[in-house]
Amino acid sequence: MKKVVLLSGGIDSTTCLALALQGRKPEDILAVNMYYGQKHQREMQSARDVAKWYGVELMELDLSAIFAKSDCSLLKHSTQAVPEGSYAEQQQEREGRPVSTYVPFRNGLMLSAAASIAVSVGAGEVWYGAHADDAAGNAYPDCSVEFTKAMDSAIYKGTGESVVIVAPLVALNKAGVVKEGIRLNAPYHLTWSCYEGGDHPCGKCGTCIDRAKAFEANGQIDPVQ
């Protein structure tokens, strides 16, 4: 049976794809990348590169119209700048509310779309690379274990009990995700995490900081730096 894997082009989804491929042929996997109106498309190119590396089919969708009224700082029409500093620092300033780079219910939309695709192609699983650090402190509430369980239950029932969510990284921190990827020889040199576009990561946004610390915790140098 096929698997549908959400592939953003970052470390988490690339690790998730590497795990999904264990014991499977590339033709058993359909990777799905979704454009949501972000300020740059660098990560989308990384998704294409990762899919090509593994030889899996990649499907691209455009969800940008759904977020047209959002002022999330990641979106190209937003008046906000992408914040610098760690997520912990950002959360202190926001007093427990999601960080400004939280795209409203984006992961819920992506999982729902992927479930629909899964039914259409006869896939029984939707793989999703959320991890614990993103959910911590309510930074990204649609990355939490509770959210994942709720979506899994809804999707299972809503697809006639034919599709489930597989979230193999949801209990791991970022360092744990990188450890798994190193074990699987994931092509991290092709990935992109930075919220800013360009040829090189900014090194200052929350996701750049988290990524650097995760590689350091594993005694590795980020191949993209």
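Tabulated values for the structure
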{"quantity": "Residue satisfying all of: in region 84-114; touching a residue at least 12 places away in the same chain (Cβ under 8 Å) and over 19 Å from the mean Cα position of the chain (by Cα); surrounded by the fewest Cβ atoms within 10 Å (Cβ to Cβ) among these", "calculated": "G96"}
{"quantity": "Some residue of region 89-106 being touching a His at 6+ places or on another chain (Cβ under 7 Å) and not hydroxyl-bearing (S, T, Y)", "calculated": "no"}
{"quantity": "Residue in region 11-19 that is of a type outside the set (D, E, K, R), in contact with a helix residue (DSSP H, G or I) (Cβ under 7 Å, 6 or more places away or on another chain) and over 21 Å from E180 (Cα atoms) present", "calculated": "no"}
{"quantity": "Tabulated pairs, region 8-29, first within 19 Å of L63 (Cβ to Cβ), second hydroxyl-bearing (S, T, Y) and assigned to a helix (DSSP H, G or I), C-beta under 6 angstrom, 6+ apart or interchain", "calculated": "G9/S46"}
{"quantity": "Residue count, region 117-137 (criterion: out of contact with any strand residue (DSSP E or B) (no Cβ under 9 Å at 6 or more places or on another chain) and surrounded by 15 or more Cβ atoms within 10 Å (Cβ to Cβ))", "calculated": "9"}
{"quantity": "Subset tally (residues that are farther than 20 Å from D210 by Cβ, outside any helix (DSSP H, G or I) and small (G, A, S)) for region 110-138", "calculated": "3"}
{"quantity": "First in region 41-58 and closer than 16 Å to D12 by Cβ and in a helix (DSSP H, G or I), second anywhere and modelled with pLDDT of 95 or more and of a type in the set (G, A, S), Cβ under 6 Å, 6 or more apart", "calculated": "E43/S8; E43/G9; S46/G9; A47/G9; A51/A31"}
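The values are calculated or read from the model by the stated rules, or taken from the named source; none is laboratory data. This is a predicted model, so every value here is computed, not measured. Glycine also receives a Cβ, built like all others from the backbone with ideal geometry; neighbour counts cover every protein chain displayed.
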